[in-house]
Amino acid sequence: MRQKFAENRPEAVGIVLRDKLKKGSANAMRRREFISLSVASALAAPAILRAQDKSFSDITLQVNGYGGDYDRLMTEFISKPLFERTGLKVVFTPGASQAAVAKVIATPDNPPYDIILCDSPSLPELITAGVIEPITNDSVPGVSRLRPGMREFDDYGIPIAVASMVLTYNTDHVKEPLTSFADLARPVLKDRVGMFNLENTGGLLFLIALAEGNGGGMDNIDPGFTALAKIAPNVASTTPSTVNLQQLFQQEEIWAGGLWDGRVHALRLAGMPLELVAPTEGLYAVRSYFNPVKNSKHPEAVRAFIEQAMSGELVGEIARFFRFGPTTDVQLPDDVASTILTYGERAKMIKPVNWRKVAENRASWFSRFNREMR
């Protein structure tokens, strides 16, 4: 490897998502696309969200955040409407979600957050520690808007977005189409492949995809490492950082690899000639979840927060801005829907992941990856 960073089915066979973006169209595509929300769903919202009585005017909810545009969208489409309707205030504190998870587990009787935002791999730890509350349709009617199969942990966690690991390659440099992660072993890609290490969940999903695509699985990860060994001579860089990997594509230091679908879309908008492919190994993804924290002093306000999150506005805007898959029945404009790999019926392509087994094995997989991918 030339460089290594040290910082922190129905139709799933070789699908290429062609969103018909053309160079020079970036400014046009950045214009706001409005999400069409049905009047019926607005009327169906509970009275607590439609009321103008400022019933929560003395309450401030504490929620961790991801920072940047993610927090901006949550402020615009959750906290602002709630404040206008009920007087409820929400403070988002950006930072690493794992740090927030650790804080909640360490202080269960006096948690620092009322709601914790994190991705799929953190849910087993939170559930085992008994520090988050389940949410059902009875307690929050808007949960019924979630699409079938979107919840991975029964009644725990409210998913708001789906990020998928896809195959991508630069068509200016790679002339023969790639259809599988295994194709990254082609000799023509010598020193031109980039990939996540196992600190990044994308690296875990890449390994699982290779294992299951070659006859193995969670309980037999060896085929995944065997496939990695074939790709290793082509790897120019492994990194835990999504931003680093994205920059390597931008600089054309790498021509192919696995990357999050939303990041590929952003690069295409910026004019990069990248294909976005659902690899033949299958489509593997993580969800981002809101989780009500046990022992919050404001459970009714927490339920109002979750109801607003399920109204369609936030989920739709995350899909529009990041091109992450929506988790609810929100209807997207055709020009947005056509660019999202896991929208609507296409979400059935997503492979299930046993995150509890991932948590059990991650440390040993990480050690083996560091030994074998040097």
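What does the charge count around T136 come to, taking other residues whose C-beta lies under 14 Å from its C-beta (Lys +1, Arg +1, Asp -1, Glu -1)? With Lys, Arg at +1 and Asp, Glu at -1, the net is -2. For the pair S241 and N137, label points projected 7 Å from Cα toward Cβ lie 4.6 nm apart.
Centroid-to-centroid, using Cα positions, the stretch 184-234 and the stretch 239-253 are 18 Å apart. With Cα atoms defining each centre, the stretch 340-358 and the stretch 108-144 are spaced 21 Å apart in the structure. Once the Cβ-Cβ distance of E252 and D154 is raised to the sixth power relative to R0 = 35 Å, the FRET efficiency obtained is 0.20. By accessible area, using a 1.4 Å probe on protein heavy atoms only, the chain has 50% of its surface on carbon and sulfur. Helical content of the chain, expressed as a calculated mean residue ellipticity at 222 nm, amounts to -9500 deg cm²/dmol (DSSP H runs of 4 or more residues, -39,500 (n - 2.57) each, divided by residue number, nearest 500). Note on the chain: dipole from Cβ charges, positive end direction compared against L274, S55, P299; the farthest Cα belongs to L274. Rolling a 1.4 Å probe across the protein heavy atoms gives the stretch 53-198 an accessible surface of 41 Å² per residue.
Largest first and in whole Å, the equivalent-ellipsoid semi-axes of the stretch 298-371 read 31, 21, 11, each the square root of five times a Cα gyration tensor eigenvalue. Extension gain, V91 to K297: 0.36 nm times the residue separation minus the Cα-Cα distance gives 72.7 nm.
Pairs exceeding a 26 Å alpha-carbon distance, out of K80/K348; K230/K351; K103/K357: K80/K348. Length available on full extension from Q331 to D172: 0.36 nm per residue minus the Cα-Cα distance, which gives 53.8 nm. Each Lys and Arg adds +1 at its Cβ and each Asp and Glu adds -1 at its Cβ; summed about the Cα centre, the stretch 324-374 shows a dipole of about 620 debye. What you get for the chain, charging only the Cβ of Lys and Arg (+1) and of Asp and Glu (-1), is a dipole of about 740 debye around the Cα centre. Annotation for A102 and M218: the two label points, set 7 Å from Cα along the Cα-Cβ direction, are 2.6 nm apart. When the charge dipole of the stretch 267-374 is built from unit charges on Cβ atoms (+1 for Lys and Arg, -1 for Asp and Glu) and taken about the Cα centre, the candidate among G312, W355, Y284 whose Cα reaches farthest toward its positive end is W355. Pairs of alpha carbons in the chain separated by more than 31 Å make up 36% of all such pairs. Sorted from longest to shortest, the spans of the Cα atoms of the stretch 216-374 along the three principal axes equal 53, 42, 28 Å. Taking amide H positions as modeled 1.01 Å from N, with prolines and chain starts lacking one, no residue 5 or more places away or on another chain lies under 5 Å from L146.
The values are calculated or read from the model by the stated rules, or taken from the named source; none is laboratory data. Quantities reported herein were computed from a predicted structural model and do not represent experimental measurements. Neighbour counts run over all protein chains shown; Cβ positions are idealised from the backbone, glycine included. Only protein heavy atoms, including side chains, enter the accessible area calculation; ligands, DNA and RNA are left aside. Shrake-Rupley method; radii C 1.70, N 1.55, O 1.52, S 1.80 Å.
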